[in-house]
Amino acid sequence: MPGESRHSEGGFFNNLFRSRPRYVTVQPRSAPVEAPAAGEPSLTAVPVRRDERGRPVYGREVPDGLWTKCEACGQILYTKELAKNLYVCYRCQAHQRISARERLNQILDQGLEEEFDADLVGGDPLQFPEYQEKLRQAREKTQLVEAVVCGRGRIEDEPVCVGVLDFAFMGGSMGWAVGEKVARLFDRATAASLPVIIFSSGGGGARMQEGVVSLMQMATTTQAIARFSAAGGLYIAVLTDPTMGGIYASFGSLGDVILAEPGARIGFTGPRVIEQTIRQKLPAGFQTAEFLLKNGMVDAVVDRREMRRFLARLLRLHRKRGEWCDSRSIRVGEAPR
Amino acid sequence: MTPEAFEWEKPLAELERRIAELRSFSEEKGIDLSGEIATLEERAVALRQEIYRNLTPWQRVQIARHPRRPTALDYISRICDDFIELHGDRTFRDDPAVVGGIGLLDGIPVTIIGTQKGRDTKENLARNFGLPHPEGFRKAMRLARQAEKFGRPVVTLIDIVGAYPGIEAEERGQGLVIAESIRTFSVLRTPVVCAITGEAGSGGALAIGVGDRVLMMEYAWHSVISPEGCASILWKDAGRAPEAAAALRLTAEECLRLGVVDEILPEPPGGAHRDPDKAAAVLKEALVRHIAELLPIPPDELVRQRQERYRHHRSRPHWQMPPGPASAPAATGE
């Protein structure tokens, strides 16, 4: 198989580092992706923590506490064991919500090789009551600047642009900054001809505190995807618990391939609002990943412990025509547009 | 006094009643009271201005929801010289909450798509209170693509609290269809002018609300969520909707200030329901003017400008924290 040797080499390095802290410093093998607007003044309103090499540090190091209670079955789980199982309950297999940092560690070979727009923050366009205070609390709690972390990394050596929403940051909701970061992620990926993977756990949908401005981000992100898609880019949307409202009704739904984690709640309207409207209890399993699979709304439900491997396979299957033609010495014309 | 006068209109209605009384009294008795009547009428004009200048956001929401507020079909019948309604999404069924078709607007053939509320309980049940299912948005997309094929401009008339929150709607992919509709309108190679005539809430409104120009009627509201929804999520109390309406900054003036809409269409005193013909005339003039501006733009450039409209932050410094990034990277990677 073409490229096999490259992958086994990558696999060797992955295994080497897997049980140790993932933040070994490895020089990116390709040139860094150019930021769309060079020389743009960066914001200093929110200090971005950086490591000794000046790279931004996103998210908290480890979850608090020795023990964690499974949200589904109530079992008290030994956190270390749970972490080893990628935060899937080792009794009932329920996928626990994980931070953006944990997600990136699970998926990428070496964590983010470069973070995009780490210090991009939004304003308070509506002067909404208590918004600033909520933002401050969210930043303190999650050690993130905003609800999404975007950047570039590798999955089994395949380079990708990746975005991860963190539910702990105001429910993973999308205000101006989140929308703009996601749009810029696609713009960068278009320029660099890289695939995009977004893990959306945006239970909050569009961020209410930014009102109509956050609603517009559904258009902004969708349009960035439209441009990316027109240029032939591959976008894999991974819907994790929970993906609702304006997140699901924009970039969450627009993947060339849409995956979901088992048991994840995915939908447009929240269950409480539906129950109030129709005045009846919702059926069991409503708005779960499996419900969406049955209704034809996602391509596959993928176990978290298989996710990395699955994504790598998908990425390889989407190699550009040129790459696989060369290796088999077949002459094939231009790919259709 | 009109049948559905609002609480805050009562002093005005009272004054108007007294003027009418005086009139009939003077006619009956043959006494000249024109001086007194003129004074009272002056006061009524001043009072009306006073009342409508100081409307709270929540009062504006009430006007936008007035049961006699003109609906999409009311406007279509007034602004179009000819109109043929087209039905169905070609996949599942015809959604009565969304109406669409081809009409003649001042000689220009246009595709008009709107959300349709009913005027009474029976009509509202048939129209599902103007709350579309996925097939409604699919119908909108189908008609938009049809317009693109024939080079017709698209007009959307928006009056929708939100997409329908129900089991079947979720089963048929409400969120996914909204995303696809936003994408469809974002890349449509023909002019799109959106007019918010009443309510414009959440992704349901945006699904038919992405265009080259977005116009908004004076007493319409536009936000990410209804005031009730906001209040019940934020404060677990839908009764605090008036407070939420203020916090959400959902009025036409605020939307203009936020750079989300391009023009406010003035309504007759008291709201569009007081004089639907006048409201429709204002709407028609604006639609024709904007379409005429957009028609000469080549399709590639039109789509580029439309997408730029949503990324153009320089004119919207308040969207971000000062000092914001100097420019948007929208042009990159296109």
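The separation of segment A:87-101 from segment A:177-191, counted between C-alpha centres, amounts to 28 Å. For chain B, a Gaussian network of Cα nodes joined below 10 Å ranks B:Pro227, B:Pro132, B:Pro269 by mean-square fluctuation, and the top entry is B:Pro269.
Could you please state, rounded to a whole Å, how far the C-alpha centre of segment B:120-166 is from the C-alpha centre of segment A:106-153? One Cα centre to the other: 36 Å. Using only alpha carbons, segment A:174-219 has a radius of gyration to Kirkwood radius ratio (Rg to Rh) of 1.03.
A Cβ-based charge dipole, computed about the Cα centre of segment B:61-319 with Lys and Arg at +1 and Asp and Glu at -1, lands at about 380 debye. If you take the charge dipole of segment A:153-247 about its Cα centre, with +1 on Lys and Arg Cβ and -1 on Asp and Glu Cβ, which of A:Pro195, A:Val182, A:Gly211 is farthest toward its positive end? Towards the positive end, the residue furthest out is A:Gly211. At an R0 of 51 angstrom, the distance between the Cβ atoms of A:Arg319 and A:Cys73 translates into a FRET efficiency of 0.80. Net charge of the neighbourhood of A:Phe167, taken over other residues with C-beta under 9 Å away and scored Lys/Arg +1, Asp/Glu -1, is -1.
As a calculated quantity, the FRET efficiency between B:Leu15 and A:Ala284 at R0 = 41 Å, using C-beta atoms, amounts to about 0.10.
Once all protein chains are placed together, B:His87 keeps about 90 Å² accessible to a 1.4 angstrom probe.
When B:Leu256, A:Leu165, A:Leu194 are compared by accessible area at a 1.4 angstrom probe, the order from most to least is B:Leu256, A:Leu194, A:Leu165. Three principal axis extents describe the C-alpha atoms of segment B:1-159; from largest down they are 69, 33, 29 Å.
Taken residue by residue and averaged, Cβ atoms of other chains lying within 10 Å of the Cβ of A:119-127 number 5.
Expressed in units of 2.2 N^0.38 Å, where N is the residue count, the Cα radius of gyration of segment A:71-155 is 1.39. The DSSP beta bridges internal to chain B are antiparallel in roughly 40% of cases. Residues B:Asp32, B:Asp212 ordered from highest to lowest accessible area at a 1.4 Å probe: B:Asp32, B:Asp212. In order along segment A:300-314, the phi-based Karplus estimate (6.51 cos²θ - 1.76 cosθ + 1.60, θ = phi - 60°) of 3J(HN,Hα) comes to 7, 9, 10, 4, 4, 6, 9, 4, 4, 4, 4, 5, 4, 4, 4 Hz; Gly and Pro are listed as x. Building the convex hull from the alpha-carbon atoms of segment B:152-296 and averaging its projection over directions returns 9.9 nm². Take the Kirkwood radius over Cα pairs of segment B:117-235, plug it into Stokes-Einstein at 25 °C and 0.890 mPa s, and you get 166 µm²/s for translational diffusion. Scaled to the globular estimate 2.2 N^0.38 Å, the Cα spread of segment B:39-109, given as radius of gyration, is 1.73.
Mean sequence separation of contacting Cα pairs (under 8 Å, at least six apart), scaled by the length of chain B, corresponds to a relative contact order of 14 percent. At an R0 of 51 angstrom, the distance between the Cβ atoms of A:Glu133 and B:Asp275 translates into a FRET efficiency of 0.65. Take each residue in B:160-172, count the other chain C-beta atoms within 10 Å of its C-beta, and the mean is 5. Taking only the Cα atoms of segment B:61-319, the ratio Rg/Rh comes out at 0.94, with Rh defined as the Kirkwood radius. Could you tell me which trypsin sites (Lys or Arg not before Pro) in segment A:277-321 are loop residues by DSSP with no more than 11 other beta carbons within 10 angstrom of their beta carbon? Of the trypsin sites (Lys or Arg not before Pro), the ones in loops of segment A:277-321 whose Cβ has at most 11 other Cβ atoms within 10 Å are A:Arg279, A:Lys281, A:Lys320.
For segment B:9-54, taking Cα atoms only, Rg and Dmax work out to 11.7, 39 Å respectively. Mind running the shape call on segment A:220-276? Use the C-alpha gyration tensor, a ≥ b ≥ c as the square roots of the eigenvalues: rounded below 1.5 for a/c, prolate if a/b tops b/c, oblate otherwise. Verdict is oblate for segment A:220-276. Using the Kirkwood radius over Cα pairs, work out the Stokes-Einstein diffusion coefficient for segment A:178-285 at 4 °C and 1.567 mPa s, in µm²/s as a whole number. Value of D from the Cα-based Kirkwood radius: 89 µm²/s. Projected label points at B:Ala292 and B:Gln305, each 7 Å from Cα along the beta carbon direction, are separated by 1.6 nanometres. Would you work out if segment A:83-222 is rounded, prolate or oblate? Take a ≥ b ≥ c from the square roots of the eigenvalues of the alpha-carbon gyration tensor; rounded if a/c is under 1.5, else prolate when a/b is larger than b/c, oblate otherwise. The shape class here is oblate. Highest mean first, the peptides B:114-122, A:247-255, B:155-163 sorted by other C-beta atoms within 10 Å per residue fall in the order A:247-255, B:155-163, B:114-122. Summed over qualifying helices (DSSP H, 4 residues or more, each -39500 (n - 2.57)) and divided by its residue number, chain B shows a 222 nm mean residue ellipticity of -14500 deg cm²/dmol.
The values are calculated or read from the model by the stated rules, or taken from the named source; none is laboratory data. Since the model is a prediction, treat every value here as computed from it, not as a measurement. Cβ: placed from backbone, ideal geometry, glycine included. Neighbour counts: every protein chain shown. These area figures cover heavy atoms from the full protein model, side chains too; ligands, DNA and RNA do not enter into them. Shrake-Rupley method; radii C 1.70, N 1.55, O 1.52, S 1.80 Å.
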